[in-house]
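The values are calculated or read from the model by the stated rules, or taken from the named source; none is laboratory data. This structure is a prediction, so every number in the text was calculated from the model and none was measured. Cβ atoms come from the backbone with ideal geometry, glycine included; neighbour counts cover every protein chain shown.
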Amino acid sequence: MQADALMEYAGGGQHVKVREDLAVKRPASLRVEALTPFGVAAVIAANGSTVAAYQPSDNTFYRGVATADTLSRFARIPLPPEQAVKLLMGLLPGSDANYTAPTSVHTEDEMLVGAYQMSAGEVDELGFAGGQLRLVRTHGSSGAGYEVTYNDYRDIGGLQFAHRLDAKFLNTGTQLNVRYSGVIVNPNLNESQFVLAPKGKARLIDLDQPPAAVGGHG
């Protein structure tokens, strides 16, 4: 998927609203270009193994292992890349889960919500209304999880795609609201788009290396 996006983030005493160019490819690749009226403020690229970010303002390049913490630091999504891709594209959270037989079913507002017990102990809840996925709620065994609602479905080449999502992350207390426009589904995306490498005299910061000690004895 490619799209223009208006992202609004709130949490940890911060409130950020930014326009972005977004590219997402299953299973775990995404690229975000944060825009200002003066150009690109930051570029973030993630795949199944690495998250990297480049900030042109200070010519600094960051790189770290693809974890929820690393992606949250730069893209404001506290999930590992694979789960983040599913959230952004409105996909079911479990790749190998059996969602045909819910353990329980209830109504919530105008939705029919099914609960599914996962093998690792977590519970997924899926809510549907009008034949469309409207809610994904995950409850991790450690208390982590998220709740996201999908709305504003529009026809994109015969495919109904949600142009609005509102997510709450249970482990961090943060919220993420995304509004899409100019959505293109199944574009031709090259894997190189999801890999960033420092160029020229950019300063490199490896997030997985401990900071160098200051002072000490010789």
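The residue of region 155-185 that is surrounded by the fewest Cβ atoms within 10 Å (Cβ to Cβ), among those that are over 18 Å from the mean Cα position of the chain (by Cα) and free of Cβ contacts under 8 Å to residues at least 24 places away in the same chain, is Gly158. The set of residues in region 34-59 being surrounded by fewer than 17 Cβ atoms within 10 Å (Cβ to Cβ) and in contact with a Leu (Cβ under 8 Å, 6 or more places away or on another chain) consists of Ala41 alone. Suppose the filter is free of Cβ contacts under 8 Å to residues at least 40 places away in the same chain and buried (at least 19 other Cβ atoms within 10 Å of the Cβ); does Arg134 pass it? Considered against the rule, which asks whether it is free of Cβ contacts under 8 Å to residues at least 40 places away in the same chain and buried (at least 19 other Cβ atoms within 10 Å of the Cβ), Arg134 comes out as yes. If the condition is being under 20 Å from Ala202 (Cα atoms), surrounded by fewer than 21 Cβ atoms within 10 Å (Cβ to Cβ) and of a type outside the set (Gly, Ala, Ser), then region 60-84 contributes Thr60, Phe61, Arg63, Val65, Arg73. None of Thr107, Thr149 is surrounded by fewer than 11 Cβ atoms within 10 Å (Cβ to Cβ), in a strand (DSSP E or B) and among the hydroxyl-bearing types (Ser, Thr, Tyr) except Thr107. Can you work out which of the residues in region 16-48 that are out of contact with any strand residue (DSSP E or B) (no Cβ under 7 Å at 6 or more places or on another chain), free of Cβ contacts under 8 Å to residues at least 60 places away in the same chain and not β-branched (Val, Ile, Thr) is nearest to Pro187 (Cα to Cα)? Ranking the candidates gives Ala28 first. Among the residues making up region 85-104, those that are loosely packed, with under 15 Cβ neighbours inside 10 Å and either at pLDDT 90 or above or in contact with a Cys (Cβ under 8 Å, 6 or more places away or on another chain) (or both) are Thr103, Ser104.
Yes/no matrix, rows are residues, columns are (1) part of a strand (DSSP E or B); (2) not aliphatic (A, V, I, L, M):
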site	(1), (2)
His15	yes, yes
Glu20	yes, yes
Leu30	yes, no
Val43	yes, no
Ala52	yes, no
Ser57	no, yes
Tyr62	yes, yes
Thr70	no, yes
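In summary, Tyr9 fulfils each of the numbered conditions (1) part of a strand (DSSP E or B); (2) touching a Pro at 6+ places or on another chain (Cβ under 8 Å) with the single exception of condition (2). Scanning region 75-94 for residues that are part of a helix (DSSP H, G or I) and closer than 16 Å to Phe169 by Cα returns Ala75, Pro81, Glu82, Gln83, Ala84, Val85, Lys86, Leu87, Leu88. Given the criterion among the β-branched types (Val, Ile, Thr), modelled with pLDDT under 95, closer than 17 Å to Leu79 by Cβ and not in a strand (DSSP E or B), identify the matching residue among Thr138, Thr172. Of the residues listed, the single one that is among the β-branched types (Val, Ile, Thr), modelled with pLDDT under 95, closer than 17 Å to Leu79 by Cβ and not in a strand (DSSP E or B) is Thr172.
Entry remark, region 121-134: residues being assigned to a loop (DSSP other than H, G, I, E, B) and either polar (S, T, N, Q) or farther than 16 Å from Tyr146 by Cβ (or both) number 3 in total.
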